[in-house]
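S.K.: First the structure, then my questions, so here it is.
The values are calculated or read from the model by the stated rules, or taken from the named source; none is laboratory data. The shown structure was predicted, so the numbers you read here are calculated from the model rather than taken from an experiment. In this analysis, Cβ positions are derived from the backbone assuming ideal geometry, glycine residues included, and neighbour counts consider all displayed protein chains. Remember, those area values only see protein heavy atoms, side chains included, never the ligands or the DNA or RNA. Shrake-Rupley method; radii C 1.70, N 1.55, O 1.52, S 1.80 Å.
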Amino acid sequence: MTDTSLRHDWSLAEIKALFELPFNDLLFQAQTTHRQHFDPNSVQISSLLSIKTGACPEDCAYCPQSAKYDTELEKERLLPLDEVKQAALNAKNNGATRFCMGAAWRNPTDKNLDKVIEMISVVKDLGLETCVTLGMLTRQQTQRLKQAGLDYYNHNLDTSPEYYSDIITTRTYQDRLDTLQHVQDENINVCCGGIIGMGEDETDRASLLQQLANMPRHPESVPINLLVQVKNTPLYGTEALDPLEFVRTIAVARILMPKSAVRLSAGRTDMSDELQALCFFAGANSIFYGEKLLTTPNPKENKDLELFERLGIKPQSVKQAQQTAA
Ligand code: SAM
Ligand code: DTB
Ligand code: SF4
């Protein structure tokens, strides 16, 4: 059901005006919004597993898994079910509440989807929420995922429509919007966000957030990734973004999509504890947890738990955090 208290008509000028607020005013507004909907001291944690690695036919300029770039990545076929189960069990034992499985596909074949559906079922049986990211989906494939009981589908817009063709040429922005539409139509929770620090400007960051906030339903989860620069990808060597611009992006996402989980996603190994603390203050309330993202490193579990301890943050599911705020 559409929540009429949420706005879906943000203009680019309004969003740019938020980005241009004095930093303290922006963070105060974001934190105020955050507290209306969530327990401010809880963060949801998901663990990631790459179930099919590398050799992807797409040309996403940031991605170590594209077959077009020689990134020395160890390619892997679709993982066997028992390996997926073991990884999910480890994630659960480490405290994750959601398990997200990613495949380096342009789109899944129906045969591959049969296998992924078995994985979803095994992970659900462990009592974890499930998320998959498999590329583009047809309507019928989306229906099959819904029937399998999938909780979240991750499919990112990545950047603004204006900057998109500088980053990916092998599929269009509209292709992505079409897949997201299928997922929303089937009432699967949408996880959709983008990557910051790819050489885009502030207008692009505002325009990406405008796309997300003006979707007919706000994505339930909004991952904001900081580009992980991988050698031999076209974006390797891109000038580093001012970290405070990253914090601003989180804060604006929080204000535009007040009830969504905003995920401080890739790029945390390059961030100080203080920068991550600012991101949580700006309204980020979920992270990827576990020492690997899909193919690149992520902070070790004990490092994150130490940071949570220092900040008085409790790992919790999004539902629990919403209940505490209400
Ligand atoms: N192939 C599928 C797709 O592109 O939808 C699913 C897997 S793909 C690796 C999932 C997401 O990871 C991408 O949409 C992108 O936002 C993110 N990602 C990939 N490489 C990244 C990098 N180097 N830094 C930050 N995020 C990255
Ligand atoms: C998302 O937005 N970020 C995650 C998840 N969704 C699938 C992936 C980040 C990948 C970073 C590069 C890598 O590890 O390969
Ligand atoms: Fe392939 Fe996804 Fe990487 Fe693009 S982001 S190259 S589609 S794995």
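S.K.: Out of the range 143-155, which residues are in contact (Cβ under 8 Å) with a residue 12 or more places away in the chain, surrounded by fewer than 22 Cβ atoms within 10 Å (Cβ to Cβ) and in a helix (DSSP H, G or I)?
M.R.: The answer is 143, 144, 146.
S.K.: Exactly one condition in (1) open to solvent by less than 20 Å² (accessible area, probe 1.4 Å); (2) within 22 Å of the chain's Cα centre (by Cα); (3) of a type outside the set (Gly, Ala, Ser) is false for residue 49; which is it?
M.R.: Unmet condition: (1).
S.K.: Could you look through the range 91-123, keep only residues that are touching a residue at least 12 places away in the same chain (Cβ under 8 Å) and among the polar types (S, T, N, Q), and pick out the one that is surrounded by the fewest Cβ atoms within 10 Å (Cβ to Cβ)?
M.R.: Just the residues of the range 91-123 that are touching a residue at least 12 places away in the same chain (Cβ under 8 Å), to begin with: 91-92, 94-108, 110, 112-113, 115-123.
Still in the running and among the polar types (S, T, N, Q): 94, 97, 107, 112, 121.
On the way: 94: 17, 97: 21, 107: 18, 112: 17, 121: 14.
Here the residue is 121.
S.K.: Still on this model: Which pairs have Cβ atoms under 9 Å, sit 6 or more apart or on different chains, and link a residue in the range 255-282 that is touching a residue at least 60 places away in the same chain (Cβ under 8 Å) and under 17 Å from residue 229 (Cβ atoms) to one that is within 16 Å of ligand 1 (Cβ to nearest atom) and among the hydroxyl-bearing types (Ser, Thr, Tyr)?
M.R.: Going by the 9 Å Cβ cut-off, the qualifying pairs are 265/286; 266/296.
S.K.: In the range 120-137, how many are within 21 Å of the chain's Cα centre (by Cα) and farther than 22 Å from residue 287 by Cα?
M.R.: Initially, the range 120-137 is screened for residues within 21 Å of the chain's Cα centre (by Cα), giving 120, 123-124, 128-137.
Okay, now just the ones that are also farther than 22 Å from residue 287 by Cα, so 136-137.
So the count comes out to 2.
S.K.: Only one of these is of a type in the set (Lys, Arg) and within 17 Å of the chain's Cα centre (by Cα): 300, 292, 231, 314. Name it. Steps first, please.
M.R.: Numbers: 300 fails: within 17 Å of the chain's Cα centre (by Cα); 231 fails: within 17 Å of the chain's Cα centre (by Cα); 314 fails: within 17 Å of the chain's Cα centre (by Cα).
Step by step, each of 300, 292, 231, 314 is checked, and only 292 is of a type in the set (Lys, Arg) and within 17 Å of the chain's Cα centre (by Cα).
S.K.: Output the residues belonging to the range 99-121 that are under 26 Å from residue 315 (Cα atoms) and touching a Leu at 6+ places or on another chain (Cβ under 6 Å). Quick ask: steps written out before the conclusion?
M.R.: Restricting attention to the range 99-121, the residues satisfying the condition of being under 26 Å from residue 315 (Cα atoms) are 99-102, 119-121.
99, 100, 101, 102, 120, listed by residue number.
S.K.: Any idea how many residues of the range 234-254 are touching a residue at least 24 places away in the same chain (Cβ under 8 Å) and open to solvent by 10 Å² or more (accessible area, probe 1.4 Å)?
M.R.: Initially, the range 234-254 is screened for residues touching a residue at least 24 places away in the same chain (Cβ under 8 Å), giving 234-235, 238-241, 243-254.
Cutting the leftovers down to open to solvent by 10 Å² or more (accessible area, probe 1.4 Å) gives us 234-235, 238-241, 243-245, 248.
Here the count works out to 10.
S.K.: Would you confirm, using the coordinates I've provided, whether residue 58 is over 23 Å from the mean Cα position of the chain (by Cα), farther than 24 Å from residue 312 by Cβ and within 15 Å of ligand 2 (Cβ to nearest atom)?
M.R.: Numbers: over 23 Å from the mean Cα position of the chain (by Cα): no; farther than 24 Å from residue 312 by Cβ: yes; within 15 Å of ligand 2 (Cβ to nearest atom): yes.
No: the conditions fail for residue 58.
S.K.: For the range 89-108, give me the residue count where each residue is hydroxyl-bearing (Ser, Thr, Tyr) and modelled with pLDDT of 95 or more. Reasoning before the result, please.
M.R.: From the range 89-108, those hydroxyl-bearing (Ser, Thr, Tyr) are 97; that's our starting set.
Within this subset, residues satisfying the condition of being modelled with pLDDT of 95 or more are none.
Summing the residues that are hydroxyl-bearing (Ser, Thr, Tyr) and modelled with pLDDT of 95 or more in the range 89-108 gives 0.
S.K.: Pull up the range 61-78, narrow it to residues that are open to solvent by 20 Å² or more (accessible area, probe 1.4 Å) and within 18 Å of residue 132 (Cβ to Cβ), then point me to the one that is nearest to ligand 2 (Cβ to nearest atom).
M.R.: 63
S.K.: For the range 132-141, which positions are within 15 Å of ligand 1 (Cβ to nearest atom) and closer than 15 Å to residue 109 by Cβ? Step through it out loud before you land on a result.
M.R.: Step one: filter the range 132-141 for residues within 15 Å of ligand 1 (Cβ to nearest atom), giving 132-138, 141.
Listed by number, the residues that qualify are 132, 134, 135, 136, 137, 138, 141.
S.K.: Additional query: If I filter the range 191-200 for residues that are assigned to a loop (DSSP other than H, G, I, E, B) and either surrounded by fewer than 22 Cβ atoms within 10 Å (Cβ to Cβ) or on the phi > 0 side of the Ramachandran plot (or both), do I get at least one hit?
M.R.: Initial filter on the range 191-200 (assigned to a loop (DSSP other than H, G, I, E, B)): 192-193, 197-200.
With the extra rule that they be either surrounded by fewer than 22 Cβ atoms within 10 Å (Cβ to Cβ) or on the phi > 0 side of the Ramachandran plot (or both), the set shrinks to 197, 199.
There is at least one residue in the range 191-200 that is assigned to a loop (DSSP other than H, G, I, E, B) and either surrounded by fewer than 22 Cβ atoms within 10 Å (Cβ to Cβ) or on the phi > 0 side of the Ramachandran plot (or both).
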